[in-house]
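The values are calculated or read from the model by the stated rules, or taken from the named source; none is laboratory data. Just so it is clear, the model here is predicted, and its values are computed rather than measured. As a convention, Cβ positions derive from the backbone with ideal geometry for all residues, glycine included, and neighbour counts pool all protein chains shown. These accessible areas exclude ligands, DNA and RNA; they are computed on the full protein's heavy atoms, side chains included. Shrake-Rupley method; radii C 1.70, N 1.55, O 1.52, S 1.80 Å.
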Amino acid sequence: MRIAAAAALLCLLATPDAQAGADGSLQWKSLRSDHFWVHFYQGEEPLAREFLAIAEEAYQELHQRFGFETTERTHLVVVDDIDSANGLTTVIPYNHVLLYSFVPDASGELGFWGNWKRILVYHELVHIFQLERVTGLLNILNYFVGKTFLPNGALPNWFTEGLAVEVESSIDSGGRIGGPLFSTYLRLAVAERELLQMDEITGAPLTLPRGTNTYLYGSYFLHWLAQRFGSDKLYEFVELQGARFNPLSYNIKARRIFGDTFVNLYETWRQETTTAYQEEIAQIRAAGEREGRRLGFAGEYLPMPSYTSRGTLLVTRATGHQTQHLAELLVDGTMKKLTTCRGGCDRPQEAPDGNIYYSAFRYHRTYYYFQDLIRLPRQGWRKQLTDGERVRDPALSPDGQRVAYVRTELGRSELRVRELSSGKTNTLQLATGSISWPAWSPDGISIAVSRKIGPNTDIVLVEVATGDERTVTPGPSVELHPAFSPDGSHLLFTSSRTGVYNIYAHDLAAGCTRQLTNVIGAAYSPTVHPAGDRVAFASYHHDGYYLQEVPLVESECLTIDFAELPPHPVPGKELPPPEPVASEQEARPYNALRHLYPRQWRPSFMAASFDLTLLGFETWGNDPVGQVSYTAAAQINTTTLDGYGTLAISVDRWYPTISLFGGFYQSSIWA
């Protein structure tokens with residue numbers, strides 16, 4: 001007798017995780033062009049159309065460079081849910097790029113750009129072209145099972161990211177190769193230790209700047225290969241890598257394309273780069289190093305020092321042995337911990353009443369991770385003063401009644417002033433580029449900011465009452481972190497005018513400028529002592545940031561025409577704005593179901609004792625925005641012909657997440 005039994009289970013699960021789900025108030029729409037889908041929500045359409053235009057421009061450029069086209073349309077998803085600049089790319093199960101619409105800070109690793117949107121799109125699309133390229137037998141297998149065998153995905157991360165950075169630096173008036181910050185990292189490695197070996201960058205190096213090392217060394221090495229052998233050889237290598245069955249034989253392929261293995265070529269690059277930077281270091285030392293008196297070690301993040309009225313220093317500290325925390329460097333040289341930096345302690349400052357203000361990341365309406373203003377009393381609990389205001393680089397007015405800060409939203413930066421008592425805000429400036437690090441003049445009449453529009457990053461003075469502005473340092477060098485002396489006579493800032501970040505003091509009355517430091521690494525974020533006679537700053541070394549102090553007016557005051565200075569470094573080519581793309585239709589409501597069809601099939605096999613042999617398959621899918629995902633699987637026992645099946649669906653369209661699971665099982669019992 002044969003007995004057949006079937007069972008099915010359907011579960012409805014409400015996920016309480018605060019980070020789960022999606023913002024149900026977002027109304028997603030889509031646009032389509034020849035090679036792309038772009039998905040966006042309300043308020044983002046102008047930005048999405050610009051990204052789409054750049055993407056089509058980039059596609060034509062990369063098609064010419066790589067010599068082939070992608071296999072399908074790429075989905076671009078534009079989001080603005082975190083105060084951080086980035087992009088994320090995957091080609092499994094389909095081509096997908098997540099674009100964050102946050103303007104990169106000019107002082108950060110992504111801050112050397114002429115058009116940040118262009119650099120972002122080109123960088124991510126290089127990943128698309130490289131990673132999905134596969135030909136030959138593996139391509140035939142992929143035809144049946146979906147994108148599974150991707151030999152270019154087996155390349156070390158230094159090649160994948162290095163190629164993207166090499167391309168981004170060749171198509172824009174910025175780019176990370178040759179930028180002041182990446183040059184700082186390499187120069188310090190030569191001066192204070194040695195350039196990393198290939199086995200170090202192939203792994204996950206703990207040496208500062210940690211994860212950035214793969215971008216840094218990979219891009220400079222591939223740029224060297226492009227200069228020596230021609231950039232077309234890089235794309236020939238990608239083609240050869242995608243055509244071979246063994247994805248780990250890339251040194252054999254390198255010998256065929258470049259005449260030698262990556263290992264040997266990298267060692268040659270190390271030697272030549274070391275020699276070049278040794279010459280630059282020798283010139284700095286010959287001019288006389290000026291780094292001043294060392295006050296203490298601050299750790300691996302920019303400490304953003306700020307003097308209090310008592311002459312102590314507030315700093316953000318992260319030594320690698322402690323969690324990031326807010327500390328105070330006392331006049332006797334001891335470091336006192338004030339509080340743990342939950343979500344960061346961006347630019348701490350003390351108000352006249354003794355309270356400390358800074359900004360930190362906080363979750364907003366469950367789904368967003370924005371910076372907000374925090375007040376920390378000397379005695380008592382800290383308090384969050386804003387909710388979702390996106391407060392970056394806060395600066396207290398001299399009377400402690402107002403705070404100036406930068407708010408970045410939908411690809412634009414705003415300089416805002418907020419009254420602490422009433423919460424009333426006023427926007428002084430709106431820029432499509434980057435605004436950072438506002439600093440009040442001692443009389444409260446004007447605010448100095450570092451503003452980046454196009455390739456220039458300049459110090460600009462903005463009058464609070466009228467919004468009128470004056471550019472103090474016009475020109476192609478990078479000026480950051482403005483700060484006034486207590487009497488308002490000097491405006492200090494960081495500048496890359498010599499190719500190295502140093503501290504300068506501009507005499508506002510005389511119009512001349514003093515170079516206060518001459519370092520091998522980089523000098524950042526000056527702050528002037530209440531006495532007005534000395535300046536503390538953060539000095540970057542191979543193991544992190546040190547707090548240093550130099551006199552304010554000891555060096556010669558020179559007339560410097562920043563507009564006449566040559567750019568350091570010489571930037572890449574300047575491209576015109578991309579032509580608008582005429583999409584096939586007006587923006588249409590987003591349809592998740594349109595993109596949910598199965599794209600990958602994975603066979604399954606299991607054999608065991610007692611004549612148990614199972615054959616089956618599984619598949620899965622998700623939409624580009626992430627509203628719906630599913631997995632499905634089926635198996636059959638080849639001996640008893642028993643069948644098994646499961647289907648799991650997750651809907652992330654509203655809060656909470658809704659998960660459905662169904663299963664089927666049929667068994668046969670012979671008596």
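Numbers at a glance
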read-out	value
Per-pair calculated FRET efficiency, R0 = 45 Å: GLU556 and ASN426 via Cβ, rounded to 0.05	0.65
Proximal lysines relative to LYS424, as straight alpha-carbon distance under 25 Å, when same-chain residues fewer than 8 apart are discounted	LYS383
Those residues of the range 462-485 whose amide nitrogen sits under 15 Å from the label point placed on ASP399, 7 Å along Cα→Cβ	464-465
Relative contact order of the chain, defined on C-alpha pairs under 8 angstrom at six or more residues apart (%)	17 percent
Partners for LYS29 among lysines (Cα-Cα distance below 23 Å; same-chain residues under 8 apart left out)	LYS117
Percent RCO, i.e. relative contact order, over the range 81-223, from Cα pairs under 8 Å lying at least 6 residues apart	24 percent
Helix 262-287 vs. the chain, principal-axis angle (Cα, 0 to 90°, nearest 10)	10 degrees
When the range 611-671 is reduced to its Cα atoms, the Kirkwood hydrodynamic radius in Å	13.4 Å
Tilt relative to the chain, helix 180-192 - C-alpha long axis, 0 to 90 degrees, to 10	80 degrees
Percentage, to the nearest whole number, of Cα pairs in the chain over 51 Å apart	18 percent
By average C-beta atoms within 10 angstrom, highest first, the peptides 155-164, 626-635	155-164, 626-635
18 Å cut-off, amide nitrogen to a point 7 angstrom out along LEU88 Cα→Cβ, residues in the range 637-669	650-654, 657
Estimated distance in nm for a label pair at TYR597 and ASN157, the labels positioned 7 Å out from Cα along Cα-to-Cβ	3.6 nm
Prolate/oblate/rounded label for the range 405-444 (Cα gyration tensor, a/c 1.5)	oblate
0 to 90° range, to nearest 10: angle between helix 45-66 axis and the chain longest Cα axis	70 degrees
Length-normalised contact order of the range 196-287 in % [C-alpha pairs under 8 Å, at least 6 apart]	21 percent
Gap separating the Cα centres of the range 116-143 and the range 364-420, nearest whole Å	40 Å
Within the chain, percent of DSSP bridges classed antiparallel, to nearest 5	95 percent
Descending semi-axes in Å of the range 451-519, equivalent ellipsoid built from Cα gyration tensor	19, 17, 9
Cβ charges +1 (Lys, Arg) and -1 (Asp, Glu), total dipole of the chain, debye	1340 debye
Karplus-derived HN-Hα couplings along the range 452-463 (A = 6.51, B = -1.76, C = 1.60, θ = phi - 60°), whole Hz, x at Gly and Pro	10, 10, x, x, 8, 10, 10, 8, 10, 9, 10, 6
Structure-based [θ]222 nm, the chain - -39500 (n - 2.57) summed over DSSP H runs of at least 4, per residue, nearest 500	-7000 deg cm²/dmol
FRET efficiency, ASP199 to ARG294 (Cβ-Cβ, R0 25 Å, nearest 0.05)	0.15
The range 155-220: C-alpha gyration tensor shape, a/c 1.5 cut-off, then a/b vs b/c	oblate
Sum of side-chain charges, TYR597 neighbourhood, beta-carbon under 13 Å (Lys, Arg +1; Asp, Glu -1)	0
FRET efficiency estimate (nearest 0.05) - Cβ-Cβ, ARG210 to LEU508, R0 30 angstrom	0.15
Highest average packing first - 311-324, 110-123, 91-104, Cβ atoms within 10 Å	110-123, 91-104, 311-324
Mean accessible surface per residue for the range 355-429, computed with a 1.4 Å probe while every protein chain stays in place, in Å²	43 Å²
By average C-beta atoms within 10 angstrom, highest first, the peptides 344-351, 371-378, 599-606, 63-70	344-351, 371-378, 63-70, 599-606
